[in-house]
1. Can you tell me which residues in the range 85-112 are over 27 Å from residue 200 (Cα atoms) and either surrounded by fewer than 17 Cβ atoms within 10 Å (Cβ to Cβ) or of a type outside the set (Ser, Thr, Tyr) (or both)?
2. With respect to residue 155, determine if the residue is loosely packed, with under 14 Cβ neighbours inside 10 Å, modelled with pLDDT of 70 or more and over 28 Å from residue 76 (Cα atoms).
3. What number goes with the only condition from (1) surrounded by fewer than 17 Cβ atoms within 10 Å (Cβ to Cβ); (2) modelled with pLDDT of 70 or more; (3) more than 20 Å from residue 45 (Cβ to Cβ) that residue 186 does not pass?
4. For residue 80, are the conditions met, namely being among the aliphatic types (A, V, I, L, M) and more than 17 Å from residue 203 (Cα to Cα)?
Amino acid sequence: MKGILLKELYLLKKHCGIPLFCLLLFLVMAGGTMGEQSFMVFFPFMYASIIPVTPLSYDEMHKWDEYARIFPYTPAKLVLSKYLVGGVLQIAVTLILLIISAVKMAMAGEVQVLKLVAMAGLGLLIGAAFGGFNLPFMFRFGVSKGRIAYYATLALSVGGCLVASAFFDVSFSPEIVRMLSVGMPVLWLIPLFLAPLLYVGSYYLSVALYKKRYR
């Protein structure tokens, strides 16, 4: 497993420099608009979830699936490597965005813990849903055909966020946070539990589809 992860790190370093730099820019923009544009807050989670597709496309291009059969790598481990990359990126996005947002709140005079928890939980849930939906298609049909699902999900997600931002108040305003924290504070924790369950479920689905593709 260590060898597979080293390969993933090499691919990220060689081919994902620009996507990772763009992700950092999105994080800065999201932290700067915290509480004003919820779409920008969630976009880094969505973007981070599709970065593992780039190493997967290079694996497919260079016939890595065929070479991997020479080594003692099970399909579950090959799939797990991509999910670990996506999971680490999601956690990194969460921590960086929490730090940026907390610093901004501290400079404004008040650190709203519930607001940070809500942002992290919903962001992780969106990232898990976005990546968890696309990766099984990639492992079953390949990156080229799987991109159809990716573009469809991207269009629906971006369109949905824009429509919600235009017609509904979906920002984490102090009034909304205060109202929900008094009425139903437990709800803030639900996305934090749903996100890993959704991501793990997607992993097992990808393993089953990948085995079916290369059996």
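The values are calculated or read from the model by the stated rules, or taken from the named source; none is laboratory data. Since the model is a prediction, treat every value here as computed from it, not as a measurement. All Cβ positions, even for glycine, are placed from backbone atoms using ideal geometry, and neighbour counts span all protein chains on display.
1. Matches in the range 85-112: 100, 102, 103, 104, 105, 106, 107, 108, 109, 110, 111, 112.
2. On the way: loosely packed, with under 14 Cβ neighbours inside 10 Å: yes; modelled with pLDDT of 70 or more: yes; over 28 Å from residue 76 (Cα atoms): yes.
Taking the combined requirement at face value, the residue satisfies it.
3. (2)
4. When the stated conditions are applied, residue 80 does not pass them.
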